[in-house]
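> Handing you a structure now.
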Amino acid sequence: MASFRIAAPDEYLAITGMGVKNVKICKAAWVWPFQRCMRFSVQPHDYAMNLQAMTKEKLQFLLPVVFTIGPDVNQRGANQRMGSGDARHDPDLHLSAGDRPGSDTAPAMHDHVNDHRREDQGDSLIKYAMLLADSGTAVKGANRHQFLENIIKGIIEGETRVLVSSMTMEEIFTEREVFKRRIFRNIQGELDQFGLCIYNANVKELKDAPNSIYFESLSRKAHEGATNQARIDVAEAQLRGNVGEAQRKGEQEREIAKIHAETAVAKTERDIERASAEAVLATRKAELNRDVDIARISATRRTEAQDEELKREVQIKRAAAEVERLRASDVVKATIARESKQQAADAKAYEIEAEAKANYEKERQLAEAGVYKVKIDTDAAAYKTKQDAEAWSYAAVKNAEANLQKNLKEAEGLEAMASAYAKMSQAFGGPAGLLQYMMIEKGTYVELAKANAEAIRGLQPKISIWNTGAEAGAGGGAEGGPSNQSSVATMRNIYQMLPPLMTTINEQTGISLPEWQFGRLAGQMSQVERGEKPNGKK
């Protein structure tokens, strides 16, 4: 039954049987009845060997080599389409053992035009399929691979030993690339018979064979030679270094001595300049200290003056507030107290002025007597005065700073209280609500009540009750009430009320009307009672 067979990328199909003259190599094909199809891999394999060979001088050594060998997929011979039969290798690398120059059995090289006359038609894959792909029914799987490896290793060992035996050790060492190319060419020529190709060849470093120290001796000889030459070079370098070091040391000592001498001269000049500069600096520093002391004392005086001015303003404001408070509670009492204090202050001022004049006269006389002594003691006490002034100035500055910090803290406290009061004012519905709350909180209403009670304590009020006529005592009369009174009765009642009123005011406050005014009112009242007019007419 016919079937269509397809090979893997690394495989080929070898078909034999009906309709095929020899062997057909392809990737895919129909397999008809009476035909046989076999798959074979074209993957290359590595073959590593440690060959023991002998040179022309009978020197044995080990030659480690690694060859990568596989079926030649590019050498298709007459089966290659589109012309050329070799697309990969140099023709010199594909000479078979019989085709190499010098071989007795080598026929003349044939052109690819005659490949169709050969059994394999010049196709390497046909060679490989016919000779190595399937070596009988007894060689399968791993045994087939071992069989192929034995053939390849045998070719490599034989060709390598033949080549090494015709060369000297010196030629192998000095012409390493030539040696590698010759091994490649010889082995490739043998592998062409089996359709195999060398994809890579690597010749490793040569080693000593067992019981041989040839390479070790050469290495030791080269090492010892290099070591001896290095020791000679080191000795020569040390000689030059010691001589140069001595020369440099002498030059260094001479230069150092010269520099020391120049440094000593320069140092002397610098010392003179430094002494002059220090003298100028000391003088300038004394002047600056004096200016600083004067400025510090002036600043202290200004600070004290400002502090006293602030205190005075505070006292004035406090006194004004106190006066306003006293005026609001008891104007009369505050006025009397102020006049009394003013008189006492005037008397005290007069006494102080008289005493100051007497003291001034006395001190003037004493000052004139002690001028000479003060002049003598001034120079001796200058230093002490300066120290005391500095100490006093420092203390004054510190006190001013402390007062400043205190005032700042008080201002911050007042600011915080003002902010708190503003918030409380908003909470109580306005300044009026806040004022009422604070007066209640601080007991202001209680204090006002106490002050009012204290103001009238000890007074002996006189209560006067008087009657202005018979109508007043009768409750308005029986003829119709106050509307029936005449205008004369009304005036009479008013004039009758004034004398006892004036008398009460005089008794309680000490204020009295002039005699002429009081007498005039009394006369007018008498005329009204007699029914006369004030000008004497009836």
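The values are calculated or read from the model by the stated rules, or taken from the named source; none is laboratory data. All values reported here derive from a predicted model rather than from experimental measurement. A quick note on method: Cβ atoms are made from the backbone with ideal geometry, for glycine too, and the neighbour counts reach across all protein chains shown. The protein model used for the area step is the full one, side chains on, heavy atoms only, and it has no ligands, DNA or RNA in it. Shrake-Rupley method; radii C 1.70, N 1.55, O 1.52, S 1.80 Å.
> Restricted to the range 194-243, and to residues that are part of a loop (DSSP other than H, G, I, E, B) and touching a Phe, Trp or Tyr at 6+ places or on another chain (Cβ under 8 Å), which residue is nearest to Asp72 (Cα to Cα)?
Gly195
> Please give the number of the condition Glu205 fails out of (1) touching a Pro at 6+ places or on another chain (Cβ under 8 Å); (2) over 30 Å from Leu132 (Cα atoms); (3) open to solvent by less than 60 Å² (accessible area, probe 1.4 Å).
In the conditions (1) touching a Pro at 6+ places or on another chain (Cβ under 8 Å); (2) over 30 Å from Leu132 (Cα atoms); (3) open to solvent by less than 60 Å² (accessible area, probe 1.4 Å), Glu205 misses (3) alone.
> Next question, about the same structure. Which residue, of Ala299, Ala344, Ala334, Ala320, is at pLDDT below 80 and either part of a helix (DSSP H, G or I) or in contact with a helix residue (DSSP H, G or I) (Cβ under 6 Å, 6 or more places away or on another chain) (or both)?
After applying the criteria, what remains is Ala334.
> Could you check, for the range 385-392, whether at least one of its residues is open to solvent by 80 Å² or more (accessible area, probe 1.4 Å) and either more than 20 Å from Asp307 (Cβ to Cβ) or touching a Gly at 6+ places or on another chain (Cβ under 7 Å) (or both)?
Within the range 385-392, one or more residues are open to solvent by 80 Å² or more (accessible area, probe 1.4 Å) and either more than 20 Å from Asp307 (Cβ to Cβ) or touching a Gly at 6+ places or on another chain (Cβ under 7 Å) (or both).
> How do the pairs read when you match residues in the range 402-427 that are closer than 25 Å to Leu310 by Cβ with residues anywhere that are among the charged types (D, E, K, R) and modelled with pLDDT of 85 or more, using Cβ under 8 Å and keeping only pairs 6 or more apart or on different chains?
Cβ pairs passing all conditions: Asn403/Asp307.
> What is the one condition in (1) touching a residue at least 40 places away in the same chain (Cβ under 8 Å); (2) farther than 16 Å from Val65 by Cβ that Glu190 does not satisfy?
(2)
> Quick one: how many residues across the range 22-47 are loosely packed, with under 12 Cβ neighbours inside 10 Å and touching a Lys or Arg at 6+ places or on another chain (Cβ under 9 Å)?
Matching residues across the range 22-47 total 2.
> Okay, next question. Please tell me if Glu177 is open to solvent by 80 Å² or more (accessible area, probe 1.4 Å) and not polar (S, T, N, Q). Please lay out each step first, then the result.
On the way: open to solvent by 80 Å² or more (accessible area, probe 1.4 Å): yes; not polar (S, T, N, Q): yes.
For Glu177, the condition - open to solvent by 80 Å² or more (accessible area, probe 1.4 Å) and not polar (S, T, N, Q) - is met.
> Quick check: anything in the range 260-267 among the hydroxyl-bearing types (Ser, Thr, Tyr) and either under 52 Å from the mean Cα position of the chain (by Cα) or assigned to a helix (DSSP H, G or I) (or both)? Step through it out loud before you land on a result.
Looking only at the range 260-267, we keep the residues that are among the hydroxyl-bearing types (Ser, Thr, Tyr), and these are 263.
Then drop every residue that is not either under 52 Å from the mean Cα position of the chain (by Cα) or assigned to a helix (DSSP H, G or I) (or both), which leaves 263.
Yes, the range 260-267 contains at least one residue that is among the hydroxyl-bearing types (Ser, Thr, Tyr) and either under 52 Å from the mean Cα position of the chain (by Cα) or assigned to a helix (DSSP H, G or I) (or both).
> Can Ala389 be described as over 30 Å from Arg290 (Cα atoms) and either touching a residue at least 60 places away in the same chain (Cβ under 8 Å) or part of a helix (DSSP H, G or I) (or both)?
Answer is no for this residue.
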